[in-house]
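Inspection log for the structure reproduced underneath, given as structure tokens.
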Amino acid sequence: MAHVAIENVIMLPLLVLQVILFPMVASWLMNIWVDSRRTLALEEVANNIGSTIQQMYSTLDHATIKSMQLSHKPDVPKYIEGSFYVGNATIKQSSSGSQAKILELTLTLSGTKIAVKRTIVLGPNAEWIYSLFISNSDDTCIYAEKYEDGTIRLSFSHTPLGG
């Protein structure tokens, strides 16, 4: 009889621990995995958008182009696991002493604390017009315009050229 009581004293806390602790740990690990997957997907989108901005800038920066407008709708998903995302950017002078400007792109997944940043190196004639990239908008695009003085203004637009 004493052995049964000792076994119950030892096994009952272990059983309670398994019933309470296992679901909590499983839930915690699942949340980490889901957030990691969402972050990875958002980083892929940020890389795509950043690359597109850099390519549009490089195209317009060519000496043979005096003035021109470009718009491009990036091939990115509207939602990441059911959540839309919002992007914005700021531009600043490079701290390395060069003439380059650095565009810092930030994407934030709606309803979460997940945000990613990308930096894009642009030339001294680049300007950024404050605007938002809203992923679930049907007409959000990247817009770039080169002016006669060589200035290239970039932004997110909600009215693509020709549309």
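Between helix 2-60 and the chain there is an angle of about 10 degrees, using the helix long axis and the longest principal axis of the Cα atoms. Projected label points at LYS92 and LEU12, each 7 Å from Cα along the beta carbon direction, are separated by 6.1 nanometres. Per the Kirkwood formula applied to alpha carbons, region 1-84 shows a radius of gyration over Rh ratio, Rg over Rh, of 1.53. Lysines near LYS66 by alpha-carbon distance under 18 Å, same-chain residues fewer than 8 away left out - which ones? Of all the lysines, those that pass the test against LYS66 - Cα under 18 Å, at least 8 places apart if same chain - are LYS146. Of all alpha-carbon pairs in region 74-122, indicate the percentage at a distance above 12 angstrom. Counting every Cα pair in region 74-122, those more than 12 Å apart make up 67 percent.
The residue list SER110, ALA63, ILE53 was ranked by how far each Cα lies along the charge dipole of the chain toward its positive end, using unit charges on Cβ atoms, and ALA63 comes out on top.
Once the chain from MET30 to ASP149 is taken as fully extended at 0.36 nm per residue, the excess over their C-alpha distance is 37.5 nm.
For the chain, what is the mean residue ellipticity at 222 nm derived from helices alone (per DSSP H run of n ≥ 4: -39500 (n - 2.57); sum divided by total residues; nearest 500 deg cm²/dmol)? Walk me through the numbers before you get to the answer.
Working: 1 runs with 59 residues, N = 163.
Per the formula, -13500 deg cm²/dmol.
Lysines within cross-link reach of LYS92: Cα-Cα under 16 Å, excluding same-chain residues under 8 positions apart? List returned: LYS101, LYS117.
Counting only trypsin sites (Lys or Arg not before Pro) that sit in a DSSP loop (anything but H, G, I, E, B) with at most 11 other Cβ atoms within 10 Å, what is the longest stretch of the chain containing none of them? Don't skip to the end; give the middle numbers.
Details: sites that count: LYS66, LYS113.
Excluding the exposed sites themselves, the longest stretch runs over 1-65.
Using the Cβ-Cβ distance between VAL121 and LYS78 with R0 set to 22 Å, the FRET efficiency works out to roughly 0.20.
Across region 30-157, the relative contact order, built from alpha-carbon pairs under 8 Å that are at least six residues apart, equals 30 percent. Pair-distance distribution P(r) for the chain, from all Cα-Cα distances in 5 Å bins starting at 0: 1, 8, 15, 15, 13, 10, 7, 5, 4, 3, 3, 3, 3, 3, 2, 2, 1, 0, 0, 0 percent. Close amide H pairs (under 5 Å, H built 1.01 Å from N) link PHE84 with SER110, residues at least 5 positions away or on another chain.
None of the figures in this text is laboratory data; all of them are computed from the coordinates on show. The model shown is predicted, which means the values in this text are computed figures rather than measured ones. Neighbour counts are summed over all protein chains in view; Cβ atoms, including those assigned to glycine, are modelled from backbone coordinates with ideal geometry.
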